[in-house]
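A.B. asks: Here it is, the structure, as structure tokens.
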Amino acid sequence: MEQIPAFLAQNVLALRRARKMTQASLARLAEVPRSTITYIESGEGNPSLKNLCKVSAALQVSIEVLLSRPRSDCMLIKAGDIAMESRGGGTSRLFKLLPDKIPGMEIDRMEIEPGGKLPGMPHLEHTKEYLTCVQGEVLVTVAGERFQLTPGDVLAFPGNRPHSYHNSGSVLCITVSVVTLAFGAGPSGRGPD
């Protein structure tokens, strides 16, 4: 508990610098006095919850990230340590590739056995899913519309629509799914349609 002000100081400083922001620009964005940022980064500040929320929003991270033990810029997660969920009656495996919780973003590798089906979970409103077929082939159904993907193909679709994946081939299908917030993006993903 005594280390939290030091963690906060290190995290705010590192995040501000990574974003190439000055203390003054962070203070303006967070709508707090510059002295608040100075005190936080000195390790002596005791910001109110309101100011902590403003700073975390300005840096686009959770309060949890600001208060946690600083991590190295690089993190190696060994294959055996990647979180895996078995789905589709055991015919599919979902590997969570994003070790950090980033609001509005998911990155998953899906492995689907031949003939296996994986129902998709509709994501939040304003999300887009970008599915890349790496190996095999996959039939993706989005709100009743069907798309056949082979290696190298990418399917972009609104993440909040009902969708499912089916390995229509004879070999293991491997895909990578990226789900992200896409405010202002139309169905094409290139901006308002």
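Bear in mind these aren't lab numbers, they're just calculated from the coordinates by the rules spelled out. Just so we're clear, the structure is a prediction, and the values are computed from it rather than from any experiment. A quick note on method: Cβ atoms are made from the backbone with ideal geometry, for glycine too, and the neighbour counts reach across all protein chains shown.
A.B. asks: Based on the Cβ-Cβ distance from LEU139 to ALA79, what FRET efficiency comes out when R0 is 25 Å, to the nearest 0.05?
C.D. replies: Working from the Cβ atoms, E equals 0.35.
A.B. asks: Can you sort SER25, SER168, SER48 from fewest to most other Cβ atoms within 10 Å of each residue's own Cβ?
C.D. replies: So the residues, fewest neighbours to most, are SER48, SER25, SER168.
A.B. asks: Round to the nearest 0.05 the FRET efficiency obtained for LYS101 and THR38 when R0 = 25 Å and r is the Cβ-Cβ distance.
C.D. replies: Once rounded, the FRET efficiency stands at 0.30.
A.B. asks: Taking only C-alpha pairs under 8 Å that are 6+ residues apart, what is the relative contact order of the range 4-67 in percent?
C.D. replies: 42
A.B. asks: Enter the Cα centre distance for the pair the range 133-180 and the range 1-67, rounded to the nearest angstrom.
C.D. replies: Centre-to-centre (Cα) distance: 41 Å.
A.B. asks: With Kirkwood radius over Cα pairs in Å as the read-out, I listed (i) 18.2; (ii) 16.7; (iii) 19.2; which label goes with the value calculated from this structure?
C.D. replies: Matching the structure shown: (iii).
A.B. asks: With a 10 Å radius around each residue's Cβ, average the other Cβ atoms per peptide and rank 76-85, 129-138, highest first.
C.D. replies: 129-138, 76-85
A.B. asks: I've got another one for you. Using only the Cα atoms of the range 17-106, what do you get for the radius of gyration and for Dmax, in Å?
C.D. replies: Taking only Cα atoms of the range 17-106, I get Rg and Dmax of 18.0, 57 Å.
A.B. asks: To the nearest 20 debye, what charge dipole does the chain have about its Cα centre, counting +1 at the Cβ of each Lys and Arg and -1 at the Cβ of each Asp and Glu?
C.D. replies: Dipole magnitude for the chain comes out near 500 debye.
A.B. asks: Full-extension gain between ALA18 and SER48, please, as 0.36 nm times their residue separation minus the C-alpha to C-alpha distance.
C.D. replies: In short, 8.4 nm is gained.
A.B. asks: Calculate, in nm to one decimal, what SER170 and SER72 gain on full extension: separation in residues at 0.36 nm each, minus their alpha carbon distance.
C.D. replies: 31.1 nm
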